[in-house]
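**Student:** Dropping the structure in here first, questions after.
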Amino acid sequence: MLAQRPGLLHYHHHHRHRKIRCHTTLSPTRQVTTYEKSLPGVEFNADGIVSYTPPNLPRVEAPAQVRPIVILPGFGNNSNDYIAPFGKQDSLVNSLKARGFPVYVVQVNRKDWFRVARALFTIRFWSSTLTTKPGYTWYLKRVNDAVEEALQETGAEQVDLIGHSAGGWLGRAFIGDPDFFPTGTLQQQQQLDTSGSAEISSDAVGGAQRVSAALPSLPPLTMTLPQAWDGAQQGGSVSEEETNRLRPNPRVRSLITLGTPQKPPPADKVRDVTGGAVGWVHSKFPGAYFADQGVTYINVCGLTVKGRREVTSEGKVVYDTKRARFPYEYAYDSYNQVCAEGQGNVGDAVVPLQSAYLAGARQLVIPGVWHSMSRVGTFEEESGVVWYGSDSVVDTWLSAYLEEAYGRSA
C-alpha cells in the first residue's frame, strides 16, 4: 500500500494568507490529492459578484505544427456570436486567429435550436431518458461537417474542439459517437447504445482531476482533485466490457469546454431540461472518458456570481415579476435549474461550479469570468463584461491547452 503524507499548499491573495490542506498519495503514474477546501479565495461585492482582474500571463502563440480548432456554439447561440458578436470584431474567433490558430465554427443559426423541440413529443423526454437522438442529431452532423472542412482545408489529421456551454457536453457526445467516425475505420464498427438510460454513473471514471485556479495577479494554482469529489451524489457505473468496446473519434485530439454543465440535476429535485440527453452523455462517457486513449480534456468554469433570492420566514422564495432580475437572482434561478441548488451557490451566472466539474480533466477555475458574450437572460444584448472568449481571458486557458495538448508552455 502506498504511504500517505499530509501536505500544505499556500498562496497569497490581496494580502490574505489562505491555506489548503492536502493529503497526497504518491503513485508512479499520478498524484491523487484529497482536500478540505478547493476553491480560490475571492471577494464578492454586495451584489454577490466577483470582479475580474487580468492575470499577468504572456500572450499565447500557436505552435508550429498547430491543429485547427473547431468551436461548438452553446445552446441558443449562433455562429456569429463567436465570429463578430453584435457586429464587432472583438470575438473569440479573432482572438484565436490573432494568436496563430486556424479556427472554424460549427454553422448554427439561432432558429436551428427549435429542432431540439422534436424530442418534446417523445415519451423519453418526459421520463428524462433521452439520448442525443433525435433532438441533437442535427447539431452533431454540423459538428462533423465543420471537422471535415477544417481537415480538408488545413491538411491536418486531427482537430481540437472548443465547446461553449452545451457545446461542451455535445462535444463529448461527438467524440464517442461512431456515426461520425471516418468511413471504414475499425472504430466505426462499434455500436453505441442510444436506447437511453436515466442511470447516472460515477464521475470517477477517467481518474483524478487536475484543478487550476487562475487568481488575479498570480499564475494558475494547480492541484489534483479526488476521483469522485461528488461521488456520494451519483450512482451506477460503466461496465468493463463497454469501456473496452468504446473508442474515441480518431479525428479529435482535444476538447476544451467553457462553462459547460457536465452532468444532469438530481432527478428527484428538478427536471432535466435536456430530457435526459446530458445525463446520457454523463453516463455513457463519464468524466474525461477517453483520456487514456489520447484525448486531452480541459474544463474551464467561472467563479463570478453567488446566487441569491429573498426568502420569507416560511422558507418561500420571493419573486418580483414587476422588474428585471438582478444578476444574483438570475444566477439563483439558473443554478437551481441546473443543479437544484441556487441559494448561495457560485458559478459563472448560468452554470454552477458543482455542475461544471469534469473528473479527469485539467480544470481551470477563473474568478470574475461570465458565462456568455450576451447579457444574462438574452442573446441580442451585449453583456459589457468579460466572458470565456474575451481577449483578456483566453490566454489563461490557452496556456493550459498548450501544456496539455502540445506538452509545452506558452
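**Student:** Give me D for segment 351-410 in µm² s⁻¹, whole number, from Stokes-Einstein with Rh from the Kirkwood sum over alpha-carbon pairs, 37 °C and 0.692 mPa s. Provide the component values of the computation, followed by the final result.
**Tutor:** Numbers: Rh = 13.1 Å.
Roughly 250 µm²/s, to the nearest whole number.
**Student:** On to the next question. Take segment 292-377, drop everything but the C-alpha atoms, weight them equally and run the Debye formula without solvent; then report log10 I(q)/I(0) at 0.24 Å⁻¹ to two decimals.
**Tutor:** -1.13
**Student:** With Cβ to Cβ distances under 14 Å as the rule, what net charge do the other residues near Val147 carry (K, R +1; D, E -1)? Provide the component values of the computation, followed by the final result.
**Tutor:** Numbers: positive: Arg67, Lys141, Arg142, Arg251, Arg253; negative: Asp145, Glu148, Glu149, Glu153, Glu157, Asp160, Asp177, Asp179.
Here the charged neighbours net out to -3.
**Student:** In addition: Report the net charge of residues surrounding Ala46, where surrounding means a beta-carbon distance below 15 angstrom and charges are Lys +1, Arg +1, Asp -1, Glu -1. It would help to have the intermediate numbers written out before the result.
**Tutor:** Working: positive: Lys306, Arg308; negative: Glu43, Asp47, Glu310, Glu329.
Neighbourhood net charge equals -2.
**Student:** Would you check the accessible area of Glu380, probe 1.4 Å, heavy atoms only, in square angstrom rounded to 10?
**Tutor:** 130 Å²
**Student:** Run down the lysines and flag those whose C-alpha is under 29 Å from the C-alpha of Lys97, throwing out any fewer than 8 positions away in its chain.
**Tutor:** Candidates past the 8-residue exclusion: Lys88, Lys111, Lys141.
**Student:** Could you order Val252, Val311 by accessible surface area, starting with the largest, using a probe radius of 1.4 Å? Before the final figure, lay out each step's value.
**Tutor:** Numbers: Val252 5, Val311 70 Å².
Accessible-area ranking of Val252, Val311, largest first: Val311, Val252.
**Student:** A further question follows. Given a 1.4 Å probe and the protein chains all in place, what does the accessible area of Ile49 round to, in Å² to the nearest 10?
**Tutor:** About 30 Å², ignoring ligands and nucleic acids.
**Student:** Sticking with this one: Taking every alpha carbon pair in segment 44-131, what does the distance histogram look like in 5 angstrom bins from 0, in percent?
**Tutor:** The percentages, shortest bin first, are 3, 11, 13, 14, 14, 14, 12, 11, 7, 2, 0.
**Student:** About the Cα centre of segment 291-410, how large is the charge dipole given +1 on each Lys and Arg Cβ and -1 on each Asp and Glu Cβ? Please answer in debye to the nearest 20. All intermediate terms of the calculation are to be shown ahead of the outcome.
**Tutor:** Numbers: 10 positive and 15 negative charges, 62 e Å.
Here segment 291-410 has a charge dipole of around 300 debye.
**Student:** Arranged from highest to lowest average of other beta-carbon atoms within 10 Å per residue, in what order do the peptides 369-376, 118-125 appear?
**Tutor:** On the way: 369-376: 24.0, 118-125: 14.9.
The densest-packed peptide leads the list: 369-376, 118-125.
**Student:** Separate question: Output the relative contact order of segment 279-371, whole-number percent, from Cα pairs under 8 angstrom with separation of 6+ residues. Please report the intermediate quantities before stating the final value.
**Tutor:** Working: 166 pairs, mean separation 37.1, N = 93.
Relative contact order comes out at 40 percent.
**Student:** Here is a further query. Could you calculate, for segment 255-402, the ratio of the Cα radius of gyration to the Kirkwood radius, expressed as Rg to Rh? Could you put the intermediate results ahead of the total?
**Tutor:** Values: Rg = 16.2 Å, Rh = 16.3 Å.
My calculation of the ratio gives 1.00.
The values are calculated or read from the model by the stated rules, or taken from the named source; none is laboratory data. Keep in mind the model is a prediction, meaning the values are calculated, not measured. Every residue, glycine among them, receives a Cβ derived from its backbone with ideal geometry; neighbour counts consider all protein chains shown. Accessible surface is based on the protein model in full, side chains and every heavy atom, while ligands, DNA and RNA are left aside. Shrake-Rupley method; radii C 1.70, N 1.55, O 1.52, S 1.80 Å.
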